[in-house]
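Presented below is the structure to which this report refers.
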Amino acid sequence: MIVMKFGGTSVGSAGSIRAVVELVRARLRRKPLVVVSALAGVTDALESAARAALRGTISVAAIRRRHVDVLRELDLATTLIDPEFRELDEILRGIQLLGELSPRSLDYVMSFGERLAVRILAAFFVKSGITATAIDAYDLGLVTDSGFGRARPLDRAYDRIAEVVLRERRRGLLIVTGYIGKDERGNVTTLGRNGSDYTAAIIGSSLGVEEIQIWTDVNGVMSADPELIPSARSIAELSFDEASEVAYYGAKVLHPATIQPAVSKNIPVRVLNTHAPTEPGTLIIGRARKSDGPVKAIVCKRGITVVSVVSTRMLMQHGFLAKIFDVFDRQRVVIDLVATSEVSVSCTTDSDENLDAAIRELRGFADARVQGRHAIVAAIGSGIREARDVPARFFGALGRERIGAEMISQGATRTNLSALVRESEVSRAVQALHREFFDDDAACVAAAARPASRRKAPLAGVVRRGRS
Ligand code: ADP
Ligand code: ASP
Ligand code: MG
C-alpha cells in the first residue's frame, strides 16, 4: 500500500486533476490511498473570507466560481458542492453576526478547501471509471488536540485510522482531506499551513505503508527554493534528519512535522512532480546517499524576531536562563536560535502569538529588547559534519556580499549551519551561499576575486540551538 498526497498546485485546475487521476490509475496495483489539499490559493481565499466576514462582508462568490469552473471543465454536476457552500455561508454569517473570529471558527472556515477538493476529485475518479470515495480525515479517525491552527494528532488517532481505513477501503479508492482533523469535542482543527503533507505522513504511518509520496509542482526537494534560485538542483536523497532540517528552516515543499511519523515507522517519503512524473524527485529515507559536496540545500526562514535579554546584574547567576525560558515556555513562544554573551541572552522566534506577553514578563526582571524583520539562512547536509571548510566558506560567501551574521549556530547533529541575517538581505544571502556551494565556476571566480581584507565575515556570539 502507498499514500499519494497531491498538493494544491497538483489539483489547481481541471488539467491537473486529469493528470492526477492518470497518475493514480497507473499505480492502482500498489493500493494507493489519496490525500488531497485545497485547490491552489483556496485556503488563502478562505482566510480572507473569514476576515471579511468579521468586518461585516460575506464574499464567497470568487471561491465558488473557482470550484464551479473546474467542475464544468471536468463535466461534473456543479451542484456537487452546494452542501459545503451552504455550510460555509452559515458559518461566515455567524462570524459576521457575532463580530468575532476565534481560532476555532477560523479553522472551521479554512477546512472547506480540502473538503471541497476531495469531493470534486472523487467524483472525477468515478467518472473516469475508478471506484472512489471522498472522506474527511476526521471521519477516518484523525482526532487531534485543540491547538487550532497547529493541531497535532492524539496518539490514539493512529490505531483508529488503521481500523477505519481497513473498513472503508471496501468502498474503493479513498480520497482523503489533507490539513484537517477534529478535536475530541468534535471541533474542526487544522494542522498548520501546508499541513496536508503531515496528514499523508500520519495516515502512512498508521497503515505502515511501503511509501509516502508527496506530489507537488517541482522536481522534489531542491538545493534551494527554485523561485529564488532558478538554477537549483533536485536532491536525489535526503536522510530523515536532513529532510527535517530542510523543512524546519522554511522549504515549504514539506511541512516541518511531516517526517516525524514516517521516521517512527521507517517509511520512505518520495517527493515527486505531478507535472513531470518521470523525474526521479527526492527520496527521503533513514540513511541517505551523500551528495557530491558537503551541503545538500540552502534554505531560509523569514519573519524572525530577535529577543535580547540584558541584565548585567543577574546574567551569570544561577537560574537566570531557566527564568527566561520559563517565560517562553509558559507563553508557548517557540525559540529557535539561542546565543549567550557575558551581558545578554539573545533568542529568535518566528511566532508573534503571545510574544508581547512574554516580553512584558521578561521586562519584570531584565531589560528585554526586540528586533523584528530578521531571517535565518541555513546550509543543510550531513556532509557538513566531516567537511572542515564549510564554516569558512559559509561566512566567506556572506562576507563577500557584506551581509553580517548577527547570530550563528551549528546544531548538535551538525547537519546544519545557520546564521541570522536581516530580512532585507536574505535573498542575497541565499544566492551567495547557493553560488558558493553549488555553482562551482561562480565559486572559483568569486574566491579569486576576493580581496584578503574581506575574507572574514563579522560574527557576533557563540551559539547553542534549542527548540522549546
Ligand atoms: P504543494 O501545493 O504541492 O503542497 P507547495 O507550494 O506547498 O506545494 O510547495 C512547493 C513549493 O515549495 C515549490 O513550488 C517551491 O517554490 C517551494 N520551495 C521552497 N523551497 C524549496 C526547496 N528547497 N525545494 C523545492 N521546493 C521548494
Ligand atoms: N491547503 C492548506 C494550505 O494551503 C494545506 C496544504 O496545502 O497542505 O496550507
Ligand atoms: Mg504544501
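Coordinate-derived values only; no laboratory data. No experiment lies behind these values; they were computed from the predicted model shown. As a convention, Cβ positions derive from the backbone with ideal geometry for all residues, glycine included, and neighbour counts pool all protein chains shown.
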Legend entry - Loop GluC sites (Glu not before Pro), the range 1-102, which have at most 14 other Cβ atoms in a 10 Å radius of their Cβ (DSSP): Glu100
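Which whole-number percent gives the relative contact order of the chain, counting Cα pairs below 8 Å spaced six or more residues apart?
Details: 985 pairs, mean separation 58.8, N = 468.
Worked out over the chain, it gives 13 percent.
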Inset, instruction - Over the alpha-carbon set of the range 325-367, divide Rg by the Kirkwood Rh and report the Rg/Rh ratio to two decimals. - result: 0.94
Inset, instruction - Identify, among Ser37, Gly8, Val20, the residue whose Cα sits farthest towards the positive end of the charge dipole of the range 1-52, taking +1 on the Cβ of Lys and Arg and -1 on the Cβ of Asp and Glu, with the dipole about the Cα centre. - result: Val20
Legend entry - Distant-in-sequence amide H partners of Asp145 (H built 1.01 Å from N, under 5 Å): Arg152, Leu154
Legend entry - Antiparallel %, DSSP beta bridges [both residues in the chain], to 5: 60 percent
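I need the trypsin sites (Lys or Arg not before Pro) found in the range 174-213, filtered to DSSP loop residues with at most 13 other beta carbons within 10 Å of theirs. Present the calculation step by step, with values, prior to reporting the outcome.
On the way: sites: Lys182, Arg185, Arg193; in loops: Arg185, Arg193.
Here the sparse-neighbourhood loop sites are Arg185.
Hey, got a sec? Which trypsin sites (Lys or Arg not before Pro) in the range 35-85 land in a DSSP loop and have at most 13 other Cβ atoms within 10 Å?
Working: sites: Arg51, Arg55, Arg64, Arg65, Arg66, Arg72; in loops: Arg55.
Sparse-neighbourhood loop trypsin sites (Lys or Arg not before Pro): Arg55.
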Inset, instruction - At 7 Å along the Cα-to-beta-carbon direction for both Asp69 and Ser146, put a label point, then send me their distance in nm to one decimal. - result: 4.0 nm
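How much length would be gained if the chain were fully extended between Gln260 and Arg30, taking 0.36 nm per residue of separation minus their Cα-Cα distance, in nm to one decimal? Walk me through the numbers before you get to the answer.
Values: separation 230, 0.36 × 230 = 82.80 nm, distance 2.33 nm.
Between Gln260 and Arg30, full extension yields 80.5 nm more.
Before rounding to the nearest 500, sum -39500 (n - 2.57) across all DSSP H runs of length at least 4 in the chain and divide by the residue total; then give [θ] at 222 nm in deg cm²/dmol.
Numbers: 15 runs with 174 residues, N = 468.
When only DSSP H runs of four or more count, the value is -11500 deg cm²/dmol.
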Inset, instruction - Fewest Cβ neighbours within 10 Å first, please rank Asp352, Asp145 accordingly. - result: Asp352, Asp145
Legend entry - Histogram of C-alpha separations across the range 54-146, 5 Å bin width, %: 2, 12, 21, 21, 17, 14, 9, 3, 1, 0
Inset, instruction - Provide Rg over Rh for the range 230-312; use the alpha carbon set for both Rg and the Kirkwood Rh (inverse mean inverse pair distance). - result: 1.08
Legend entry - the range 347-353 - phi-based ³J(HN,Hα) in whole Hz, Karplus 6.51/-1.76/1.60, Gly and Pro as x: 10, 10, 9, 10, 9, 8, 4
Legend entry - Amide H partners (placed H, <5 Å) of Ala297, local residues excluded: Ile380
Legend entry - Cα-based convex hull volume of the range 360-409 per residue, rounded to whole Å³: 130 Å³
Legend entry - Only Lys, Arg (+1) and Asp, Glu (-1) charged, at Cβ; the chain dipole about Cα centre in debye: 540 debye
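Hey, what's the Cα Rg ratio for the range 226-382 versus the globular rule of thumb, 2.2 N^0.38 Å? Don't skip to the end; give the middle numbers.
Details: Rg = 19.4 Å, N = 157, 2.2 N^0.38 = 15.0 Å.
Against the empirical 2.2 N^0.38 Å value, I get 1.29 for the range 226-382.
Holding the Cα-Cα limit at 22 Å, pick out from Lys5/Lys252; Lys31/Lys296; Lys5/Lys290; Lys5/Lys265; Lys5/Lys31; Lys5/Lys296 the pairs that are longer than that.
Values: Lys5/Lys252 15 Å; Lys31/Lys296 32 Å; Lys5/Lys290 27 Å; Lys5/Lys265 18 Å; Lys5/Lys31 14 Å; Lys5/Lys296 24 Å.
Exceeds cut-off: Lys31/Lys296; Lys5/Lys290; Lys5/Lys296.
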Inset, instruction - Could you pull out every one of the aspartates and glutamates with an alpha carbon less than 14 Å from that of Lys301, ignoring same-chain neighbours closer than 8 positions? - result: Asp225, Glu245, Asp336, Asp350, Glu423, Glu425
Legend entry - Signed unit charges on C-beta, dipole axis of the chain, positive-most listed residue Leu74, Val370, Ala52: Val370
Inset, instruction - For the range 299-344, count all C-alpha to C-alpha pairs, find those more than 17 Å apart, and express that count as a whole percent of the total. - result: 39 percent
Legend entry - Where the Cα pairs of the range 175-216 fall when distances are cut into 5 Å bins, in %: 6, 22, 27, 25, 13, 5, 2
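Fully extended, how many nm does the chain gain between Asp389 and Ala322 (0.36 nm per residue separation, minus their Cα-Cα distance)? All intermediate terms of the calculation are to be shown ahead of the outcome.
Values: separation 67, 0.36 × 67 = 24.12 nm, distance 3.48 nm.
Length gained, Asp389 through Ala322: 20.6 nm.
Convex hull over the alpha-carbon atoms of the range 115-243: what's its volume per residue in Å³?
Values: hull volume 18.6 nm³, N = 129.
Spelled out: Cα convex hull of the range 115-243, divided by residues, is 144 Å³.
Where Rh is the Kirkwood radius over the Cα pairs of the chain, the temperature 25 °C and the viscosity 0.890 mPa s, what D in µm²/s does Stokes-Einstein return? Display every interim value, and only then the final one.
Values: Rh = 23.7 Å.
Roughly 103 µm²/s, to the nearest whole number.
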